[in-house]
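Encoded as structure tokens, the structure appears first; notes follow it.
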Amino acid sequence: MTREPIRFTDGAAYDRFMGVWSRLAGQDFLDWIAPQPGQRWLDVGCGNGAFTQLIVKQYEPFSIAGIDPSEAQLAFARQHPILQGVDFVNADAMALPFPDDAFDLAVMPLVIFFVPEPAQGVAEMARVVAAGGTVAAYAWDMDGGGFPYQIVNETLGAVGRSAPMPPSAGSSRLDVLGDLWTTAGLIGIQSKTIEVERTFADFDDLWNTVLGGPSAGQTLATMNEQEVSRFRELLEARLQPAGGSPITLSGRAHAIRGTVAER
Ligand SMILES: C[S@@+](CC[C@H](N)C(=O)[O-])C[C@H]1O[C@@H](n2cnc3c(N)ncnc32)[C@H](O)[C@@H]1O
């Protein structure tokens, strides 16, 4: 079955939908990597800069570049006051526009499942990071139900619809990530699971977050008023059987890191 691709056309809506999650899980990921200050960073699939902000605020990079193929995401990132020193480039993870050994650290936060050929993306990160440097990624455990809006997608299924899915959803399994890092020649490979929670003030807060975002929001935009209203009622009943309280969702991601060997 060919599914519609997920489109990243609105950096602000992305921030509400996924940027908040990105910073929650991303902080855990960065604490685990424990980077030194003064390094040359590359943020692959930097999107609207949600995660890039964490690097800039905490790790005093010597330099930092971010690449992403979505101009809308990059436009949002470029206007962020904290990100003025970041070199944002419109590019694809599978063909990084940088020479060999240009960075000390390459990170790929919430992106690997969007890369049509993940092995090529990991090989590119390993190429542009100098020997002794780090190549790391984390991504929602899509196959294991770790996507934070899994219940939204399941409820779409219950009304005969489906949310768009990333092209390489299976790449976020821990065994697949391990194979990808090994195949790219990385050494000292370690992985871990990250669990996070986010609380929405009420159902409307969650609903408007989903409606504006990529993923399920794209499907909702194609449904008529009656269908949307039926879906909304079903989702609300599943999430808030007792009505009227904050809603907490949880997400589970897999993280992996490896070191570039001497060449
Ligand atoms: C879920 S967002 C993650 C953004 C950011 N890293 C974060 O943590 O918020 C996925 C991003 O991957 C980007 N993307 C999609 N295909 C890509 C590719 N082939 N190479 C690099 N980035 C890609 C999208 O444009 C989008 O900004």
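Between Asp143 and Phe62, the FRET efficiency from the beta-carbon distance, with R0 = 30 Å, is close to 0.20. In a GNM of the chain with a 10 Å cut-off on Cα contacts, which of Gly121, Gly19, Gly160 has the highest mean-square fluctuation? Among Gly121, Gly19, Gly160, the largest mean-square fluctuation in the Gaussian network model of the chain belongs to Gly160.
Let a ≥ b ≥ c be the square roots of the eigenvalues of the Cα gyration tensor of the stretch 11-259; is it rounded (a/c under 1.5), or, if not, prolate (a/b larger than b/c) or oblate? Write down the numbers at each step before the final one.
Details: a/c = 1.99, a/b = 1.76, b/c = 1.13.
Prolate, since a/c reaches 1.5 and a/b exceeds b/c.
A simple spin-label model places pseudo-atoms 7 Å from Cα toward Cβ; at Asp101 and Asp31 they are separated by 3.6 nm.
For the chain, what does the helix formula give at 222 nm: sum of -39500 (n - 2.57) over DSSP H segments with n ≥ 4, over the residue count, nearest 500 deg cm²/dmol? Don't skip to the end; give the middle numbers.
Numbers: 10 runs with 93 residues, N = 263.
Computed mean residue ellipticity for the chain: -10000 deg cm²/dmol.
From the square roots a ≥ b ≥ c of the eigenvalues of the alpha-carbon gyration tensor of the stretch 125-173, which class results: rounded (a/c under 1.5), prolate (a/b over b/c), or oblate? In terms of gyration-tensor shape, prolate.
Specify, per residue and in Å³, the volume enclosed by the convex hull of the alpha carbon atoms belonging to the stretch 92-136. Numbers along the way, then the final one.
Working: hull volume 2.7 nm³, N = 45.
Spread over its residues, the Cα hull of the stretch 92-136 gives 59 Å³ apiece.
So if the hydrodynamic radius of the stretch 25-124 is defined as the Kirkwood radius over C-alpha pairs, what does Stokes-Einstein give as its diffusion coefficient at 10 °C and 1.306 mPa s, in µm² per second? Once the numbers are plugged in, D ends up at 117 µm²/s.
Which order, highest average first, do 25-31, 83-89 follow once you tally other Cβ atoms within 10 Å for each residue and take the mean per peptide? Don't jump to the answer; show the numbers that get you there.
Values: 25-31: 19.3, 83-89: 15.3.
Order by mean packing, descending: 25-31, 83-89.
Considering only alpha-carbon pairs that sit under 8 angstrom and 6 or more positions apart, the relative contact order computed for the stretch 11-259 is 21 percent. GNM on the chain, C-alpha springs below 10 Å: top fluctuator among Arg40, Arg238, Arg173? Answer for the Gaussian network model of the chain: Arg238.
Taking 15 Å as the cut-off, the amide N atoms of the stretch 134-169 that come nearer than this to a point 7 Å along the Cα-to-beta-carbon line of Ala237 belong to 155-160. Across the stretch 245-262, rounded Karplus estimates of 3J(HN,Hα) from the backbone phi angles (6.51 cos²θ - 1.76 cosθ + 1.60, θ = phi - 60°) give 10, x, 10, 10, 10, 10, x, 10, 10, 10, 10, 9, 9, x, 10, 7, 6, 4 Hz, Gly and Pro being marked x.
Between Val228 and Arg263, what length in nm is gained on full extension when 0.36 nm per residue of separation is reduced by their alpha carbon distance?
Details: separation 35, 0.36 × 35 = 12.60 nm, distance 5.57 nm.
Roughly 7.0 nm would be gained on extension.
For the stretch 34-155, DSSP calls about 5 percent of its internal beta bridges antiparallel.
Return the FRET efficiency for the residue pair Thr193, Arg161: r is the Cβ-Cβ distance, R0 is 22 Å, and the value is rounded to the nearest 0.05. Please report the intermediate quantities before stating the final value.
Working: r = 30 Å, r/R0 = 1.36.
Using R0 = 22 Å, I get an efficiency of 0.15.
Computed over neighbours whose Cβ is under 15 Å from that of Glu225, the net charge equals +1, Lys and Arg +1, Asp and Glu -1. Report the FRET efficiency, 1/(1 + (r/R0)^6), for Asp202 and Ala12, where r is their Cβ-Cβ distance and R0 is 30 Å, rounded to 0.05. Approximately 0.90, to the nearest 0.05.
Centroid-to-centroid, using Cα positions, the stretch 178-252 and the stretch 1-78 are 18 Å apart. Taking label positions 7 Å along the Cα-Cβ direction at both Ala130 and Leu174, the computed distance is 3.4 nm, reported to one decimal. Packing here is the average count of other Cβ atoms within 10 Å per residue, and on that basis the peptides 55-67, 125-137, highest first, run 125-137, 55-67.
Quick note: the coordinates plus some simple rules give every number you see, no bench work behind them. Nothing here was measured: the structure is a model prediction, and the numbers come from that model. Here the Cβ is made from the backbone with ideal geometry for all residues, glycine too, and neighbour counts use every protein chain on show.
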